[in-house]
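The values are calculated or read from the model by the stated rules, or taken from the named source; none is laboratory data. This one's a predicted model, so the numbers in the text were calculated from it and none came from an experiment. Because the Cβ atoms are built from the backbone with ideal geometry, glycine has one as well, and the counts that use them run over all protein chains shown.
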């Protein structure tokens, strides 16, 4: 039997009561991505008494995270996000079980991880993982609460809930021009806090069986005007059947770099899209340049690019100052280079 004294204020709600609190205690919720969305969502789910919370994140806490990823402090810099979040959440509520998964979420472990939980929260910031979460949830028959953020705007919806539409029913295909994340475009710090808290709200509604979850609806919020919209969409059986009948695979957005005579260096992360199909290309993420700089020739011009042009400048500065490169050309963001 759960000790209800901690949860007195929500147990008093007629729609929750002792029975609802027991439901929360028995619930198993997996949060994929403990960043701007996952931090506030996990805080409120833990505070509400959700008994089993899984946290997946392979990334480390960086100083640039602190303005929006509110679970972390300066003492957490350099620590794995999932493990740091687990420690912080357990210090807030020691009566619940939290599992930290310091692993990349991918095809090899998606089914195994998601199958252990009742409900999934998507806290990721790249479309490739969002499609993988959706497709895995369809196969495993699990609902998930999705959210995305862009500068000052956010979107929220519930997918695969009680035979409702999936993420691919809303976005069947990915367009490479939609690949930006907050590292490239920037984001108002409070925005993921608002959307992450809304995700936690939808999760609690689903576990408790109260209210009307946002299944088949997308809530769009603009924080500059505080206006919102609610857009409806339908389940598409052909999209659902495609997922069920095909093996899991990573969504790709393929492009071609326009100058075939140039040698390019792509310093983006492997998940970032679109992916050029050219042969005249070296792919080394910015955070691996120190260890792999010997893969870059010094006897010809190398055109360095990233998603928007921010990291390409950092890469050139690093390679010139620390490794003596003098043949690097800043090619900016990929949008300027593709055909």
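Scan segment 227-246 for residues that are surrounded by 14 or more Cβ atoms within 10 Å (Cβ to Cβ) and assigned to a loop (DSSP other than H, G, I, E, B) and the total you get is 3.
Matching residues to (1) at pLDDT 95 or above; (2) more than 30 Å from residue 280 (Cβ to Cβ); (3) in a loop (DSSP other than H, G, I, E, B):
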| position | (1), (2), (3) |
| --- | --- |
| 193 | yes, yes, no |
| 197 | yes, yes, no |
| 201 | yes, yes, no |
| 225 | yes, yes, yes |
| 248 | no, yes, yes |
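Annotation for segment 203-215: at least one member residue is under 17 Å from the mean Cα position of the chain (by Cα) and either surrounded by 17 or more Cβ atoms within 10 Å (Cβ to Cβ) or in contact (Cβ under 8 Å) with a residue 24 or more places away in the chain (or both). Among residues belonging to segment 270-286 that are in contact (Cβ under 8 Å) with a residue 24 or more places away in the chain and either in contact with a strand residue (DSSP E or B) (Cβ under 6 Å, 6 or more places away or on another chain) or part of a loop (DSSP other than H, G, I, E, B) (or both), point out the one that is farthest from residue 304 (Cα to Cα). Out of the qualifying residues, it is 271. Does residue 151 satisfy being surrounded by fewer than 22 Cβ atoms within 10 Å (Cβ to Cβ) and at pLDDT below 95? The answer is yes for residue 151.
In segment 320-329, what residues are surrounded by 14 or more Cβ atoms within 10 Å (Cβ to Cβ) and touching a helix residue (DSSP H, G or I) at 6+ places or on another chain (Cβ under 6 Å)? Listed by number, the residues that qualify are 325, 328. If I filter segment 180-199 for residues that are touching a residue at least 12 places away in the same chain (Cβ under 8 Å), buried (at least 20 other Cβ atoms within 10 Å of the Cβ) and over 23 Å from residue 40 (Cβ atoms), do I get at least one hit? There is no residue in segment 180-199 that is touching a residue at least 12 places away in the same chain (Cβ under 8 Å), buried (at least 20 other Cβ atoms within 10 Å of the Cβ) and over 23 Å from residue 40 (Cβ atoms).
May I ask you to verify whether residue 140 is more than 18 Å from residue 203 (Cα to Cα) and either at pLDDT below 95 or in the same structural domain as residue 169 (by TED's automatic domain parsing) (or both)? When the stated conditions are applied, residue 140 does not pass them. Where strands (runs of 3 or more DSSP E) sit wholly within segment 1-102, those with at least 2 residues that are modelled with pLDDT of 95 or more and crowded, with 24+ Cβ neighbours inside 10 Å occupy 28-32, 52-56. Starting from segment 38-56, take each residue that is closer than 15 Å to residue 10 by Cβ and list its partners that are in a strand (DSSP E or B), counting only C-beta distances under 7 angstrom and pairs at least six apart or across chains. Pairs that qualify, where the first residue is closer than 15 Å to residue 10 by Cβ and the partner is in a strand (DSSP E or B), are 45/29; 45/53; 46/53; 50/29; 51/97. Once segment 292-310 is narrowed to residues that are part of a helix (DSSP H, G or I) and modelled with pLDDT of 95 or more, the residue that is surrounded by the fewest Cβ atoms within 10 Å (Cβ to Cβ) is 294.
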